[in-house]
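Q: Dropping a structure here in structure tokens format, bear with me for questions.
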Number of protein chains: 2
Amino acid sequence: MLRLSKFADYGCQVMAYMAQDKAVHSATEVATSLGMAAATVSKILKMLARENLVASVLGAKGGYALARHPQQISIAEIINAMDGPISITQCSGTTSCERESFCSTRGNWQGINHIIQDALAKVSLAEMIAPKPQVVNMRTIRSRDVSA
Amino acid sequence: MLRLSKFADYGCQVMAYMAQDKAVHSATEVATSLGMAAATVSKILKMLARENLVASVLGAKGGYALARHPQQISIAEIINAMDGPISITQCSGTTSCERESFCSTRGNWQGINHIIQDALAKVSLAEMIAPKPQVVNMRTIRSRDVSA
DNA sequence: CCGAACTGGGACTATTTTAGTCCTAGTTAG
DNA sequence: CTAACTAGGACTAAAATAGTCCCAGTTCGG
């Protein structure tokens with residue numbers, strides 16, 4: 001339906017791991033713990049560091065630590081850091097968008113996009129790692145379609 | 001941030017065009033009106049027909065017409081028809097998902113996924129083509145980030 | 001002061017998705 | 001019976017994504 005990139009997914013996993021404590025973790029350590037390729041984790045941490053979601057410590061014994069408290073980091077920020085702020089409609093104003101009905105469509109797309117961003121911004125990393133999901137009433141999970 | 005495929009976008013455009021009236025339109029006609037490649041529009045209409053969003057009429061003078069009233073078609077259905085029911089998290093249960101903290105993360109992902117699906121299901125094709133966006137209060141559009 | 005353990009940044013390649021084209025078969029109006 | 005259509009799928013092309021690697025800079029510990 002709507003896809004989140006693997007990077008965004010990885011980014012959240014990495015952040016979830018980091019959220020365990022306030023300590024400094026090296027990329028290698030995170031990779032080992034998560035069972036991911038070291039180079040990939042390193043890349044992800046670099047991206048997260050650039051967006052100030054994690055703070056980096058240079059040199060030997062260096063690594064990364066969460067820049068803020070898990071309560072103060074939303075998954076929207078993580079996704080943005082990994083995927084960039086790409087809106088769901090990527091209509092780059094090409095020629096096929098001239099008709100009035102289409103433009104009004106665009107306006108609605110933006111509204112929908114906003115709802116999604118809002119939903120993601122409302123969930124903090126702390127909530128994400130909580131065993132009891134509070135994001136939405138979980139009786140609604142049945143709505144989940146069979147994945148492709 | 002979150003990407004909608006071009007096909008889903010096209011599908012909505014095609015459906016918006018079809019929603020103008022209850023008449024039968026050939027793929028060629030739709031393509032011409034929308035300024036899109038005929039083969040592509042044809043493919044999109046076939047997909048929409050398979051999901052019963054449009055009804056097809058075979059033979060000469062054939063074509064497609066909206067299967068239901070625009071009020072009764074949600075954009076979630078259109079997106080599903082085009083992209084398939086792919087949830088935002090595509091974790092296929094690989095080895096890196098063993099830890100408890102991750103699994104709880106998955107549960108929350110499903111909740112978020114549901115919110116998004118809900119938002120899309122609430123918007124009908126009729127609302128989508130309406131010039132005045134009612135989907136969300138539009139004072140919030142400022143939240144739209146600069147696209148990549 | 002040197003070497004080992006790190007991050008920073010980016011170039012590069014491989015892989016997978018996505019988009020788009022085309023062909024053949026079947027249906028129907030005139 | 002032919003022209004105008006859709007049905008379905010095979011195929012190719014293009015682009016986005018994921019993943020690897022390299023080199024430079026920083027810091028710790030001996």
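Q: Taking the label point as lying 7 angstrom from Cα along the Cα-to-Cβ axis, what are the distances from A:Phe7 to the corresponding position in the remaining copies, in ascending order and in nanometres?
A: Values, ascending and in nm: 2.4.
Q: Moving to a separate point now. Distances from A:Lys61 to the same position in the other copies: list them in nm, one decimal, shortest first, using label points 7 Å from Cα along Cα→Cβ.
A: Computed spacing set for this position: 8.7 nm.
Q: To continue, here is another question. Per residue of region A:11-21, in order, report the coupling 6.51 cos²θ - 1.76 cosθ + 1.60 (Karplus, θ = phi - 60°) as ³J(HN,Hα) in whole Hz, putting x for Gly and Pro.
A: x, 5, 5, 4, 5, 4, 5, 5, 6, 4, 8
Q: List, shortest first and in nm to one decimal, how far the label point of A:Lys122 (7 Å from Cα along Cα→Cβ) is from its counterparts in the other copies.
A: 0.9
Q: Taking amide H positions as placed in the peptide plane 1.01 Å from N, state which residues far from A:Val54 in sequence (5 or more) or on other chains have amide H under 5 Å from it.
A: The answer is A:Ala49, A:Ala67.
Q: Chains A and B: buried accessible surface, both sides, probe 1.4 Å, rounded to 100 Å²? Before the final figure, lay out each step's value.
A: Details: alone 10320 and 10340 Å², together 14440 Å².
Chains A and B together bury roughly 6200 Å² of accessible area.
Q: Sticking with this one: What's the Cα-based Rg to Rh of region B:26-75, Rh via Kirkwood?
A: On the way: Rg = 10.9 Å, Rh = 11.2 Å.
Using only Cα positions, Rg/Rh for region B:26-75 is 0.97.
The values are calculated or read from the model by the stated rules, or taken from the named source; none is laboratory data. Remember, it's a predicted structure, so these values are computed and weren't measured experimentally. Neighbour counts run over all protein chains shown; Cβ positions are idealised from the backbone, glycine included. Just so you know, the surface numbers come from the protein's heavy atoms only, side chains and all, with ligands and any DNA or RNA stripped out. Shrake-Rupley method; radii C 1.70, N 1.55, O 1.52, S 1.80 Å.
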